[in-house]
Amino acid sequence: MNRRTFLSRGAVLVTMGTSAGDCVPLDDAALNPCENGACPGEDATAALQLCHDICVRNGGGRIVIDRPLLCTSVTERGGLWTTLEFWGDDITLQFQGEGSLEFPRGDLQNYRPMIVGGMAKLGSQARKITTQRCVDAVVHPIEGPLQAGASVVPLADTRHYRAGDIVYLRTGQLLSKLQTEPDAELAKVRAVRDSALELEGPLAKPYQQEFDLSDGRTSPRAHGSPAPYGIVNVSDRVTRNFTMINPVIRASGALQLLSIWSVWGFRSDGGTLTFGNNGVGSRDSRFVHWNTPLVHTGRVPGSYALAPSTGCSDWDVVWDVRSPTFTFLHIHEGVARSRFRGRLRLGGEGGKGPGLSIAARAYDIDIQKLDIDTGNSDQAAIIVRDDVMGGVHFHDLSVRNRSTIGSAIRIDTPQGVTFSKPPVFPGANRVLKTAIRKV
């Protein structure tokens with residue numbers, strides 16, 4: 001892409017010693033941050049954010065990173081610090097050659113350098129994305145409970161919806177252990193009836209109001225985010241179709257490298273994400289395909305590598321996780337109708353829990369194939385806790401666990417957990433402690 005084409009798209013070109021001729025040639029559909037002044041060794045944040053903003057104006061686009069880039073600028077967003085915010089629809093972030101992103105900051109307490117999510121569409125007044133994703137939106141009460149598999153949502157007032165809208169269903173309940181997160185999922189409206197919404201496809205889980213306090217709070221513990229049982233039109237705050245190709249991203253000092261929040265369609269293939277504390281966390285995101293290796297440096301043992309949570313459904317994940325100390329996979333806070341497979345290799349030092357934790361009302365989880373080695377950890381390699389909703393299914397399972405004081409696999413719930421065949425235990429610990437009657 002030449003400078004004339006780049007400028008015709010509304011960009012302000014800032015030259016910092018890097019010319020267009022220094023960059024890998026691209027087609028006219030792609031943007032390269034180095035054409036906007038992104039020089040190796042200098043802060044590339046503004047150049048990358050500008051490429052994103054141009055894609056937004058164009059209704060989508062592709063950003064190509066073909067050399068090592070450093071991002072050091074930070075912005076405060078509702079109690080957290082961030083560097084890059086990608087919220088536009090139909091955007092691809094492609095890494096090629098020696099292309100990489102590094103976020104070297106380690107001096108901020110709540111630093112999440114890269115956020116992909118639609119909440120930023122609302123502007124600076126509504127970016128408290130860590131607490132309330134339906135801020136300033138009207139919650140319309142749902143008439144009666146809904147079963148898993150339902151595709152019709154009865155509503156007294158459907159005037160605020162139309163076909164194609166993305167909606168957010170929420171129970172209003174607190175999860176077990178008094179966590180302030182509702183059961184929730186995203187759905188799309190197929191058709192609007194007089195007193196109901198017809199959805200594109202069935203719901204992943206059941207819904208009903210579980211608390212009814214006169215002041216609108218769902219529990220005495222839910223002070224900041226009242227969550228009535230209902231449905232919300234979130235079409236204005238969801239990112240659609242974000243793709244990463246061969247991403248090479250590093251952030252050793254961040255609290256969480258990548259946040260996927262309020263996304264309908266996310267895909268990552270190839271590359272490597274390297275993190276020192278937490279790797280990837282997600283809320284309110286549907287149709288996520290993840291096939292990028294995750295490498296934990298060991299800087300903060302016991303942190304998570306991948307943690308889908310509230311409002312996440314229809315995930316398809318290939319795990320390839322490594323750590324010289326300890327990191328874990330966390331499926332929690334109502335994740336539903338998702339499948340996982342892959343391997344986990346840990347040193348084991350600093351482990352405070354299992355390598356795989358399934359908890360907090362997770363529902364319809366399919367572990368298709370998992371090869372897990374928790375190293376020298378004295379904790380169980382896999383735990384399914386007693387607060388899951390059910391429907392956790394294990395298939396090809398290989399568990400290497402060296403603990404001499406506990407079980408290799410611990411199933412705390414008496415219902416809804418199945419094994420298609422007995423697990424394989426290559427290590428010394430072959431104990432399966434389970435509350436279910438038969439394995």
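Just so you know, all these numbers are worked out from the coordinates, no wet-lab data involved. Source: prediction; values computed, not measured. Here Cβ is always computed from backbone atoms with ideal geometry, including for glycine, and neighbour counts include all displayed protein chains.
Summary of computed values
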read-out: Part-to-part distance (alpha-carbon centres) for segment 388-439 and segment 285-330, which is given in Å; value: 20
read-out: Charge sum, other residues only, whose C-beta stays under 11 Å from D320's C-beta, Lys/Arg counted +1 and Asp/Glu -1; value: +3
read-out: Sites E98 and T75 - FRET efficiency at Förster radius 30 Å, r taken between beta-carbons, to 0.05; value: 0.65
read-out: For segment 49-100, the fraction of alpha-carbon pairs in successive 10 Å shells from zero, as %; value: 23, 44, 31, 2
read-out: Interchain or long-range residues, amide H under 5 Å from E42's placed H; value: L70
read-out: Relative counts (whole %) of C-alpha pair distances in segment 282-439, using bins that are 10 Å wide; value: 12, 44, 38, 6, 0
read-out: Kirkwood estimate for segment 318-365, i.e. one over the average of 1/r between Cα atoms, Å; value: 11.5
